[in-house]
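Colleague: Here it is, the structure, as C-alpha cells.
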Ligand SMILES: NC(=O)c1ccc[n+]([C@@H]2O[C@H](COP(=O)([O-])OP(=O)(O)OC[C@H]3O[C@@H](n4cnc5c(N)ncnc54)[C@H](O)[C@@H]3O)[C@@H](O)[C@H]2O)c1
C-alpha cells in the first residue's frame, strides 16, 4: 500500500497520530477520530486492509527512533499540523517469565515503553499546533 493515498488535507481539520491503528483497539480509535472529522496518521508495522479518506498510513516500528522521527515528519507534511497523539501500539507475550527470552522481553519493552516515549518525544518537539506561525519549536 502506498502511503500517499490520502486525500489532500484541509489544515483546519484537527490531526492525530494513532500508533498501532491498523487493527484492534487502535483501529476503533482511528475510526472514531475519522468519524469526528479528524485527519489521522496510523503508525504501524502492519498495513491496514483499506485506507479510508483522511487516513495516512506510515509503516513505522515505534521502537525505532529514526522511523518515528520520519513518521512524525510525514504526518506534519501531510496534514500541516498535529493536535493529538494516541500511544496505543503495544504487545504482550503471554508466557511464564522463566520461559521468556531476552529478545522477547526487549521487544515488549521496546514497543510498549520506548515506543511510547519516542512518539511523545518527537510529537512534543513540534510547535503546537504546528500550523500556527506564532509557535516555535522548543529547544
Ligand atoms: N486487548 C486487551 O484486552 C488489552 C488489555 C489491556 C491493554 N491492552 C493494550 O491496548 C493496546 C491495543 O491492544 P489490542 O488488543 O488492540 O492489540 P492488537 O494486537 O490487536 O493490535 C496492536 C497493533 O499494534 C501494532 N504494533 C505492534 N507492535 C508495533 C510496533 N513495534 N510498532 C508499531 N505498531 C505496532 C500491531 O501491528 C497492531 O496493529 C495495546 O497497547 C495493548 O497492550 C489491550
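The values are calculated or read from the model by the stated rules, or taken from the named source; none is laboratory data. Being a predicted model, the structure only gives us computed values, none of them experimental. For neighbour counting, all protein chains shown are included, and Cβ atoms are generated from backbone atoms with ideal geometry for every residue, glycine included.
Colleague: Could you tell me which of the residues 89, 69 is part of a helix (DSSP H, G or I), touching a residue at least 12 places away in the same chain (Cβ under 8 Å) and in contact with a helix residue (DSSP H, G or I) (Cβ under 7 Å, 6 or more places away or on another chain)?
Modeller: Exactly one residue qualifies, and that residue is 69.
Colleague: Can you pull out every residue in region 79-119 that is at pLDDT below 95 and crowded, with 20+ Cβ neighbours inside 10 Å?
Modeller: Hits for region 79-119 are 79, 81, 82.
Colleague: Is it the case, given these coordinates, that residue 79 is touching a residue at least 60 places away in the same chain (Cβ under 8 Å) and closer than 19 Å to residue 127 by Cα?
Modeller: Yes; evaluated as a whole, the condition is true for this residue.
Colleague: Give 52, 48 a once-over and let me know the one that is more than 12 Å from the chain's Cα centre (by Cα) and either away from the ligand (no atom under 14 Å from the Cβ) or loosely packed, with under 15 Cβ neighbours inside 10 Å (or both).
Modeller: 52 is the lone residue from the list that is more than 12 Å from the chain's Cα centre (by Cα) and either away from the ligand (no atom under 14 Å from the Cβ) or loosely packed, with under 15 Cβ neighbours inside 10 Å (or both).
A quick yes/no check of all residues on (1) modelled with pLDDT of 95 or more; (2) touching a strand residue (DSSP E or B) at 6+ places or on another chain (Cβ under 7 Å):
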| site | (1), (2) |
| --- | --- |
| 11 | no, no |
| 17 | yes, yes |
| 27 | yes, no |
| 31 | yes, no |
| 34 | yes, yes |
| 38 | yes, yes |
| 48 | yes, yes |
| 56 | yes, yes |
| 70 | yes, no |
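Yes or no, residue by residue, for (1) crowded, with 17+ Cβ neighbours inside 10 Å; (2) within 13 Å of the ligand (Cβ to nearest atom):
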residue: 33; (1), (2): yes, no
residue: 57; (1), (2): yes, yes
residue: 64; (1), (2): no, yes
residue: 76; (1), (2): yes, no
